[in-house]
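Okay, structure first, notes after.
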Number of protein chains: 2
Amino acid sequence: MVKQERALRTRETLVRSAAEMFHQEGFTVASLATISRRAGVSNGALHFHFANKAAVADAVEESALARLRAVTADGPKAADCGLQRLVDATYRLARELSDDVVLRAGFELGGDPARPPGVDLRGYWQHWVRETLRQAGERGELRPEVVPEEAATAVVAGTVGMEVLGTRQPEWLDPRTVGRFWRLLLPTLAPAGLLATLSADGVDTEAPEE
Amino acid sequence: MVKQERALRTRETLVRSAAEMFHQEGFTVASLATISRRAGVSNGALHFHFANKAAVADAVEESALARLRAVTADGPKAADCGLQRLVDATYRLARELSDDVVLRAGFELGGDPARPPGVDLRGYWQHWVRETLRQAGERGELRPEVVPEEAATAVVAGTVGMEVLGTRQPEWLDPRTVGRFWRLLLPTLAPAGLLATLSADGVDTEAPEE
């Protein structure tokens, strides 16, 4: 393994350890000493990569944003229908929040008052949901009485709620919970003809490739 | 003012100052010195009431729970219909979260990993929503195909999402946001006959008396 590669791996290990500590103890309590120890890395090596704890947290947030981009990206099996792609992305988001502590910590850091506003994962998600529903509206995938912006409010609130509640109660990120949400909401969003073709259980919910 | 009354007022002032500091800086960063200074109270007076910062946070959470109980309590003008009472309570919750920093901080402390699980405001809200919808179902206020437990999932997720997003973006707690949510959700929950009598804008949304 060349030197540069090894440095990159060490950095990734540090980002993951940091995410675990930020998630468990919060940004303010988590210490650089615990983060480097957990990563099996010397304090010196940590400081080679990061100037201070804020820089580590920035790296966690940036890495989390890359993962969130993958969650919202269309895979090769992406549905033609924007509404279905939205449903599918919420399943991927719930699963990645359960499985990937970096994504989880990224969302949490964004809500921590001790951190300055920076990378804003909830803001990115909000923007993506709004844009996806706007396009769905333009393509006639919404009932005529549905205002895309209003639908986005309900979808963003519901999914952020599951994200936050899932921190302490993992069942909120269970696919069955996501399914309950969509089975209630889809009938008010989609015209009857389209609704029959949609799956509230998702069709393309595989883990994204980074 | 008798001595006991004065002590009670001081305690209340301290709880409010603590809530402000916890909300602004987070539990870990906020210091007892800042809290007492902000309350215009000596350090000694603070320690007369509270042994340590955890005890202050406990008091904030208990006070917040009393306020949340008032939000979910039926006022003299409470609607007969359980579904309408649920709608009305979400408007009161959104307004109190905007106006009352003690309630706001209580919710935030419950999600802070640096705090042990204790008074759980989100848990209380979850329980109340679930129970209200279960009763609504028994009284025939839900469409026959709606499972009350599933409806509760969507309502809790949506309202907790608004609570969390409202911390940094106040428009999430605007009555118009709450209205958007209910205009989308009510038609899937209520049978057509009842739906015509319901108001998605709330009917009894006055500030609760404590």
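Computed from the coordinates by the stated procedures, all read-outs in this text should not be read as laboratory data. These numbers were taken from a predicted model, which means no experiment stands behind them. We place every Cβ from the backbone using ideal geometry, glycine too, and count neighbours over all the protein chains shown.
List the extent of the Cα atoms of the protein assembly as shown along each of their three principal axes, largest first, rounded to whole Å.
Principal extents (largest minus smallest coordinate, Cα): 77, 61, 30 Å.
Give a residue-ordered list of calculated ³J(HN,Hα) values for the range B:71-83 (Karplus: 6.51 cos²θ - 1.76 cosθ + 1.60, θ = phi - 60°; whole Hz; x for Gly, Pro).
4, 8, 7, 6, x, x, 9, 4, 5, 5, 7, x, 5
Whole angstrom only: what separates the Cα centroid of the range A:168-182 from the Cα centroid of the range A:1-30?
With the range A:168-182 and the range A:1-30 each reduced to a Cα centre, they are spaced 29 Å.
Placing +1 on the Cβ of each Lys and Arg and -1 on the Cβ of each Asp and Glu in chain A, which of A:L86, A:A151, A:P117 has its Cα farthest towards the positive end of the resulting dipole?
A:P117
So which trypsin sites (Lys or Arg not before Pro) in the range A:118-210 pass both tests, a DSSP loop state and at most 14 other Cβ atoms within 10 Å of the Cβ? Intermediate results must be reported in sequence, preceding the final value.
Numbers: sites: A:R122, A:R130, A:R134, A:R139, A:R168, A:R176, A:R180, A:R183; in loops: A:R139.
Sites meeting the loop and neighbour criteria: A:R139.
Hey, quick one: spin label on B:A7, modelled 7 Å out along Cα-Cβ, who in the range B:22-54 has an amide N within reach, i.e. under 19 Å?
Inside the label zone: B:41-52.
Towards the positive end of the charge dipole of chain B, with charges on Cβ (+1 Lys, Arg; -1 Asp, Glu), say which of B:F48, B:A136, B:P191 has the farthest Cα.
Result: B:F48.
Is the range B:111-184 rounded, prolate or oblate when judged by the Cα gyration tensor, a ≥ b ≥ c being the square roots of its eigenvalues, rounded requiring a/c under 1.5 and prolate requiring a/b larger than b/c?
Verdict is oblate for the range B:111-184.
Using a 10 angstrom cutoff on alpha carbons, build the Gaussian network for chain A and name the most mobile of A:T197, A:T132, A:T177.
Its mean-square fluctuation being the largest, the pick is A:T197.
How big is the range A:64-195 on each of its three principal axes, counting only the C-alpha atoms and giving the largest first in Å?
Its Cα atoms span 46, 29, 28 Å along the three principal axes.
In debye, nearest 20: dipole of the range B:19-172 around its Cα centre with unit charges on the Cβ of K, R (+) and D, E (-)?
340
Give me the orientation-averaged projected area of the Cα convex hull of the range A:21-72, in nm², one decimal.
Computing the convex hull of the Cα atoms and averaging its projections yields 3.9 nm².
Can you list, shortest first in nanometers, how far A:E149 lies from the same residue in the other copies, with each label 7 Å from Cα toward Cβ?
3.9
What does the copy distance list look like for A:T34, label position 7 Å along Cα→Cβ, in nm and ordered from shortest?
Computed spacing set for this position: 2.1 nm.
For the range A:4-11, take each phi angle, set θ = phi - 60°, evaluate the Karplus expression 6.51 cos²θ - 1.76 cosθ + 1.60, and give the result in whole Hz per residue in order, putting x for glycine and proline.
5, 4, 4, 4, 5, 5, 4, 4
Taking the Cβ of each residue in B:E20, A:E206 as the centre, tally the other Cβ atoms inside 10 Å and list the residues starting with the fewest.
Going from least to most buried by this count: A:E206, B:E20.
Quick one: with label points 7 Å out along Cα→Cβ, list the inter-copy distances for B:D80 in nm, shortest first?
Going from nearest to farthest copy, the values are 5.0 nm.
Under 30 Å from the Cα of A:K77, which lysines turn up, not counting those fewer than eight places away in the same chain?
Within the straight-line cut-off, A:K77 pairs with nothing.
Hey, which aspartates and glutamates would be in cross-link range of B:K53, C-alpha to C-alpha under 16 Å, not counting anything within fewer than 8 residues on its own chain?
Reachable aspartates and glutamates: B:E12, B:E20, B:E25, B:E61, B:E62, B:E108, B:D112.
What list of ³J(HN,Hα) values in whole Hz, one per residue of the range A:94-110 in order, does the Karplus curve 6.51 cos²θ - 1.76 cosθ + 1.60 (θ = phi - 60°) give from phi, with Gly and Pro shown as x?
4, 5, 5, 5, 6, 8, 10, 5, 5, 5, 3, 5, x, 5, 5, 4, x
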